[in-house]
Structures are given as structure tokens and as C-alpha cells.
Amino acid sequence: MAQRPLDLGKSGPEGQDITSRLHEICESLGFEHACYASNTPINGELIGFATYPEDWREHYLAKGYHLRDPTLTRAIHAVAPVDWSRLRDTQGYAEVFRDAADFAIPETGLSVPIRGAFGDRGVLTLARTCSPAEWASQKRAIMQQVQLLASQLHDDVLRSGQVLQRIRQPNLSSREKEVLQWVAAGKSQQDIADILNLSNRTVEVHLRSAREKLGALNTAQAVGRAIGLRMIYPI
């Protein structure tokens with residue numbers, strides 16, 4: 001999970017539907033907040049939906065907490081649901097939840113890892129404010145149900161038109177497209193640097209980013225995929 005997540009809950013009716021699903025899960029299971037995050041299976045782009053307040057979401061992303069919040073980064077690789085209390089001694093936890101307290105975000109919660117049929121992974125996190133005794137009782141009552149709901153949500157997200165569009169049409173910058181177009185025209189990396197008045201290193205950065213977004217092993221594959229997606233044109 002290296003990049004800033006794309007919050008699909010902010011765009012279109014499908015995103016709003018998924019966010020509504022999260023609210024329904026919270027209501028049915030007795031939680032205050034829920035968040036779902038997953039890497040798209042083709043290019044690894046991180047997508048997310050959340051019910052958290054906008055000011056906390058913006059602060060969380062601005063601080064880059066998605067890179068070191070163990071309720072996300074550790075839990076997504078787990079086998080079974082993870083009680084956040086088990087993560088309190090892990091790196092990043094204290095920093096994230098020190099700030100979370102300023103936004104009245106609960107520290108009691110659960111992260112549910114999800115495995116897809118094609119190697120894709122996701123995680124559903126649920127948070128609430130309650131006593132330890134109440135939390136222990138709630139966990140026992142909901143554990144099987146929450147795992148089922150998490151899997152259903154993951155499958156629905158990956159089948160959604162928004163996510164399929166992100167997989168089919170990676171979000172290349174205009175400069176990345178321009179560099180790939182010049183590669184398609186047969187120009188060398190140094191030629192492109194001279195044409196665009198960039199350093200050779202900067203051209204390489206754009207090429208590397210384009211390869212990652214397109215899920216390509218090399219520049220030739222990136223050019224071929226970009227042409228196939230009609231993001232650039234054959235010469």
C-alpha cells in the first residue's frame with residue numbers, strides 16, 4: 001500500500017452505495033465507524049470507502065497514516081480478524097491513535113482481512129466506543145457475521161463499475177502519457193528528455209510510475225497496454 005488511497009466513496013452513485021453499505025453494517029452490528037480498503041488486483045491501486053468524518057479522513061491521508069496504521073497495514077496480511085488491542089504495541093499505533101483522539105475517533109475496534117479469488121486482498125475495519133466487558137461480549141456475538149459481511153462487501157466492490165473502470169483505465173498523469181507517446185514514436189529516453197526539456201532522471205521517474213500504474217513489467221509492455229487502452233496512439 002504505497003500510494004495515497006483513492007476515496008471512491010466521494011464519486012458517483014456506486015461509491016455512495018458502498019458507503020451506505022458501511023453505514024448499514026455499523027448500524028446492524030453496533031459500531032460507530034467503518035472503513036473498507038483494498039488494492040485493485042491488476043495495478044495495485046489502493047481504493048477505499050469510509051464513514052469517518054471528513055476532517056479525520058483528510059488528516060489521516062495528509063499524515064500518510066495509511067502507510068503505517070497497523071489496523072490497516074498489519075491486519076490486511078492477517079488470517080483471522082484482529083482486535084485492535086493486539087496491535088497497541090506495534091509500530092505506528094500510538095502515533096495514529098494519539099491524533100485520532102483529537103477527532104473523537106474510538107480506539108476500540110476490529111480489522112477483518114479479506115482474501116479474494118484472484119489474489120486480491122482487502123480489509124474491513126470497524127470501530128466503536130465501549131467498555132472492555134461490553135466489547136468482549138459483542139465480539140463473540142458478531143464474529144461469524146462480520147466475516148461474512150466483509151467478504152460480500154469485498155466481492156461487491158471489486159465487481160462495481162467504478163473499480164472495474166479503474167482497473168481498465170489506470171489514472172496516468174498527462175506527463176506520463178506524453179512520455180509514453182514519445183516512446184511509442186521510437187524516441188529514446190534521452191531524446192524525450194531533450195524534447196520535453198526534462199532531465200533524464202525525471203523521464204525515468206515518469207516511466208517507472210506509468211509502468212506501475214499499468215501493471216507492466218517493462219516500458220514496452222506499458223506502451224502496449226496504454227495503446228490498447230487508447231490512452232496513447234500508435235505511430
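The values are calculated or read from the model by the stated rules, or taken from the named source; none is laboratory data. Given the structure is predicted, the values throughout are model-derived calculations rather than measurements. Neighbour counts run over all protein chains shown; Cβ positions are idealised from the backbone, glycine included.
Points worth noting:
- Of all residues making up the stretch 17-41, the number that are touching a Pro at 6+ places or on another chain (Cβ under 8 Å) and at pLDDT below 95: 1
- For beta carbons closer than 8 Å, sequence separation of 6+ or different chains, a first residue in the stretch 201-218 that is free of Cβ contacts under 8 Å to residues at least 12 places away in the same chain and within 12 Å of residue 179 (Cβ to Cβ) and a second that is among the hydroxyl-bearing types (Ser, Thr, Tyr) and buried (at least 16 other Cβ atoms within 10 Å of the Cβ), the qualifying pairs are 211/219.
- Within the stretch 210-235, being surrounded by 12 or more Cβ atoms within 10 Å (Cβ to Cβ) and in contact with a helix residue (DSSP H, G or I) (Cβ under 6 Å, 6 or more places away or on another chain) holds for 210, 211, 214, 216, 219, 222, 223, 225, 226, 231, 232.
- Residue check for residue 100: more than 16 Å from residue 38 (Cβ to Cβ), part of a helix (DSSP H, G or I) and in contact (Cβ under 8 Å) with a residue 40 or more places away in the chain: yes
Yes/no matrix, rows are residues, columns are (1) under 16 Å from residue 30 (Cβ atoms); (2) of a type in the set (Phe, Trp, Tyr); (3) at pLDDT 90 or above:
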{"position": "131", "(1), (2), (3)": "yes, no, yes"}
{"position": "136", "(1), (2), (3)": "yes, no, yes"}
{"position": "152", "(1), (2), (3)": "no, no, no"}
{"position": "163", "(1), (2), (3)": "no, no, no"}
{"position": "168", "(1), (2), (3)": "no, no, no"}
{"position": "173", "(1), (2), (3)": "no, no, yes"}
{"position": "177", "(1), (2), (3)": "no, no, yes"}
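- The residues in the stretch 82-121 that are surrounded by fewer than 19 Cβ atoms within 10 Å (Cβ to Cβ), among the hydroxyl-bearing types (Ser, Thr, Tyr) and within 23 Å of residue 149 (Cα to Cα) can be counted, and the count is 1.
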